[in-house]
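Below: the structure, in structure tokens.
The values are calculated or read from the model by the stated rules, or taken from the named source; none is laboratory data. What you see is a predicted model; the values in this text were computed from it and never measured. Virtual Cβ from ideal backbone geometry, glycine too; neighbours counted across all protein chains shown.
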Amino acid sequence: MGSSTSSSQSPDPPTPANPVPADSAEAPTPPAAATLFNTCWSCRLVSGSGLLAAGSYVYLWARRPMKMGLAPGPGPVMQMVIGISIACWGVVILVDPKGKAFRVA
């Protein structure tokens, strides 16, 4: 009773001074693969409209008690904020403002 460590555990092996370089599988994705979502209009349309619909559903579900005359509490207000955020995320995916602020040569 008292000590939480056990003497049967072996100590950790020492780490090498020169770590092994990371594998190529852990390397960042190439730019060609990152632009797949930006060039696929149907992918953007489905995901953007789905997020827009989900955000609208969350927002309207939080508004339901207020339509019955109940005072809004912190829970429904936070739910409305989250619903608006999800809907705005869907609009951003549909509009795709990334890369349009600067001219690409």
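Brief remarks on what is shown
- Any hit, segment 73-92, residues being loosely packed, with under 13 Cβ neighbours inside 10 Å, modelled with pLDDT under 90 and part of a loop (DSSP other than H, G, I, E, B): no
- Residue in segment 40-58 that is surrounded by 12 or more Cβ atoms within 10 Å (Cβ to Cβ), basic (Lys, Arg) and modelled with pLDDT of 90 or more present: no
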